Amino acid sequence: MKNLISISFLFALTSCSSIYENMSLVGVKKFEDIDINPILSEEFNSAVFAVEFEVAGNYFSGTLFIKQTSTLVYKSTIINNAGMNIISFKFDNRKFSLISCLEELRNKYIIKTFEDDFRNILYMPGNSSLVNLLKNEENSNIYMITDSGSNLYYFLDINFNIYQLDLVRQSERVVSYIFSYNINFIISQIDINHYNFPLDIKLTLTKME
Amino acid sequence: MNKYHIIFISLLILLNNNTFADSLNVESMKNVNEFLTKVEKESKNTLSISSDFTQEKHLSFISEKVISKGKFYFKKENLLRWEYIEPYEYLIVINGDQFFIRDNDRVISFDIKSSKMFTEINDIMLSALTGDIFKDKTKFTPAFFETRSEYIIKLLPASGNMKKFLDKIVLIFSKVDYSLIKLQMIEKNGDKTDITFSNKIMNNEIPDEKFNID
């Protein structure tokens with residue numbers, strides 16, 4: 001059984017890493033010199049998403065509210081369909097603070113996962129970051145940025161919108177963010193899939209101002 | 001039309017609204033003991049309640065409010081059913097110590113005592129319906145007010161978990177039948193939840209199956 005687990009793990013590691021190894025490096029640039037649209041428009045004032053997520057067997061659905069209270073300062077709350085607060089948090093220039101949280105979610109790994117996910121959605125990497133420009137077999141533009149020991153792979157469409165963001169740590173894909181856009185290139189859906197933690201989140205935009 | 005005309009016309013419209021006029025005439029309750037006796041008597045005579053409800057959730061940091069509508073059922077001693085119909089179907093059933101949630105065809109059940117928050121909310125709801133909420137002074141400090149058509153009771157959390165996140169609860173009772181017509185919860189962070197009950201039917205037959213989730 002132990003061998004089987006080890007083999008499965010090795011297989012998963014190999015199959016995962018091959019996705020990123022088949023990419024070819026075509027250049028290196030500074031972040032401010034690349035063409036890339038932020039996931040959420042930097043000008044947005046507030047956004048409302050229908051939200052569904054399942055964590056450790058507990059299913060939640062409700063509404064996510066995000067408000068940009070000043071430049072790059074965001075306040076956010078998720079309420080369930082009965083109006084109860086599930087989690088409230090704030091980002092002030094990437095610095096996270098938890099405001100309140102349902103007892104069932106009060107676990108440091110769950111909170112840290114929420115923190116990392118929403119930071120990756122709300123903020124682009126720092127301007128000083130160096131970006132590896134990559135191409136894969138489909139000739140897609142992929143930008144890879146190394147940040148705190150992790151590699152962030154931004155997959156771009158022809159309009160320079162990010163349609164997928166993968167976070168890879170030690171050649172292992174940790175999380176994938178899949179983005180869908182409407183005809184006006186405004187984000188319409190975000191699917192967050194974790195590969196080493198039982199938390200998947202689906203966000204569907206209902207309103208943005 | 002200048003801005004002063006707009007303000008004047010707006011004020012006229014608001015003053016014609018009974019609720020607003022009433023809210024200007026809030027005064028301390030003249031006879032608290034009589035009110036408490038009447039609420040207790042009515043709650044003793046109430047075996048069940050069926051009602052429509054409208055819930056408005058206001059978040060302090062965003063102008064958006066979430067309005068939900070549904071059906072509410074209560075049956076003595078401790079059976080509650082909150083059936084959210086709009087904008088999403090969502091069901092909460094409290095049957096004794098068991099708490100059930102049906103959300104998108106998924107059912108979650110747990111022992112109500114396992115969650116402090118649900119225990120507190122359940123206690124508030126049941127004690128507001130039975131009138132017991134005014135008796136236990138260790139949990140809430142009540143302040144009694146009235147208008148021409150309503151009794152208004154403001155409850156300030158006195159201790160415990162509630163005091164950490166709840167600023168106050170406001171209960172509005174009808175002067176006609178002493179039943180609860182509105183419940184307002186104001187949280188410390190400024191978020192507010194209003195639940196308004198309408199089309200109430202008292203003491204109708206509600207089958208026990210309403211308080212089970214299959």
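Only the coordinates and a few stated rules stand behind these numbers; no lab work does. A quick note: this is a predicted structure, and the numbers were derived from the prediction, not measured. Positions of Cβ are backbone-derived with ideal geometry, glycine not excepted, and every protein chain shown enters the neighbour counts.
Can you sort A:LEU98, A:LEU134 so the residue with the fewest Cβ neighbours within 10 Å comes first?
Numbers: A:LEU98 14, A:LEU134 20.
Placing the least packed residue first, the sequence is A:LEU98, A:LEU134.
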Using θ = phi - 60° and the Karplus relation 6.51 cos²θ - 1.76 cosθ + 1.60, list the HN-Hα couplings for the stretch A:65-81 in order, rounded to whole Hz, with x at every Gly or Pro.
10, 10, 10, 8, 7, 8, 3, 6, 10, 10, 10, 9, 9, 10, 10, 7, 5
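GluC sites (Glu not before Pro) within the stretch A:109-155: which are DSSP loop residues with at most 15 other Cβ atoms inside 10 Å?
Values: sites: A:GLU115, A:GLU137, A:GLU138; in loops: A:GLU137, A:GLU138.
Qualifying residues, ordered by number: A:GLU137, A:GLU138.
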With runs of 4+ DSSP H residues as the only contributors, calculate the mean residue ellipticity of chain A at 222 nm using -39,500 (n - 2.57) per run, divided by the residue total and rounded to the nearest 500.
-5500 deg cm²/dmol
Give the residue list of GluC sites (Glu not before Pro) in the stretch A:24-101 that are DSSP loop and have at most 13 other beta-carbon atoms within 10 angstrom.
A:GLU42, A:GLU43
Per residue of the stretch B:76-87, in order, report the coupling 6.51 cos²θ - 1.76 cosθ + 1.60 (Karplus, θ = phi - 60°) as ³J(HN,Hα) in whole Hz, putting x for Gly and Pro.
4, 8, 9, 10, 10, 9, 10, 10, 7, 10, 10, x
Within the set A:TYR153, A:TYR177, A:TYR195, GNM on chain A using Cα springs under 10 Å gives the largest fluctuation to A:TYR195
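How much mean residue ellipticity at 222 nm does chain B get from its helices, if each DSSP H run of length 4 or more adds -39500 (n - 2.57) and you divide by all residues, to the nearest 500 deg cm²/dmol?
Working: 5 runs with 55 residues, N = 214.
Using -39500 (n - 2.57) per qualifying helix, the result is -8000 deg cm²/dmol.
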Centre separation in Å (Cα based) which lies between the stretch A:132-160 and the stretch A:65-108:
29 Å
Of A:GLY57, A:LEU25, A:LEU102, farthest towards positive along the dipole that unit charges on Lys, Arg, Asp, Glu beta carbons give the stretch A:2-208
A:LEU102
Quick one: 3J(HN,Hα) in Hz for the stretch A:140-146, Karplus 6.51/-1.76/1.60 with θ = phi - 60°, rounded, Gly and Pro as x.
6, 7, 10, 10, 10, 10, 9
Report the one residue of A:ASN161, A:SER148, A:MET84 whose Cα lies farthest in the direction of the positive end of the charge dipole of the stretch A:2-208 (charges on C-beta: Lys and Arg +1, Asp and Glu -1; origin at the Cα centre).
A:MET84
Hey, what's the per residue convex hull volume over the C-alpha atoms of the protein assembly as shown, in cubic angstrom?
194 Å³
Specify which residue in the list B:SER159, A:GLN170, A:LEU205 is farthest towards the positive end of the charge dipole of the protein assembly as shown, using unit charges on the beta carbon of Lys, Arg (+1) and Asp, Glu (-1), about the Cα centre.
B:SER159
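Within 10 Å of each candidate Cβ there may be at most 11 other Cβ atoms; applying that plus a DSSP loop requirement, which GluC sites (Glu not before Pro) in the stretch B:147-214 survive? The partial results should precede the final answer.
Numbers: sites: B:GLU150, B:GLU187, B:GLU205, B:GLU209; in loops: B:GLU205.
Sparse-neighbourhood loop GluC sites (Glu not before Pro): B:GLU205.
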Part-to-part distance (alpha-carbon centres) for the stretch B:167-214 and the stretch B:22-97, which is given in Å
0 Å
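Using only the alpha carbon atoms of the stretch A:2-208, find the Kirkwood hydrodynamic radius as the inverse mean reciprocal pair distance, in angstroms to one decimal. Don't skip to the answer; put the middle values down first.
On the way: mean 1/r = 0.0550 Å⁻¹.
About 18.2 Å, per the Kirkwood formula over Cα pairs.
Treating the beta-carbon of each Lys and Arg as +1 and of each Asp and Glu as -1, no other charges, what is the dipole magnitude of the protein assembly as shown about its Cα centre, to the nearest 20 debye?
On the way: 47 positive and 54 negative charges, 273 e Å.
The calculated dipole for the protein assembly as shown is roughly 1300 debye.
Rank the residues A:LEU72, A:LEU105 as a footprinting-exposure proxy: fewest other Cβ atoms within 10 Å of their Cβ go first.
Details: A:LEU72 13, A:LEU105 18.
With the fewest neighbours first, A:LEU72, A:LEU105 line up as A:LEU72, A:LEU105.
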Under-5 Å amide H pairs with B:MET29, H placed in peptide plane, nonlocal only:
B:PHE144, B:PHE145, B:GLU146
Just need log10 I(q)/I(0) for chain B at q = 0.09, 0.11 Å⁻¹, Debye formula, equal scatterers on the alpha-carbon atoms, no solvent, rounded to two decimals.
-0.40, -0.60
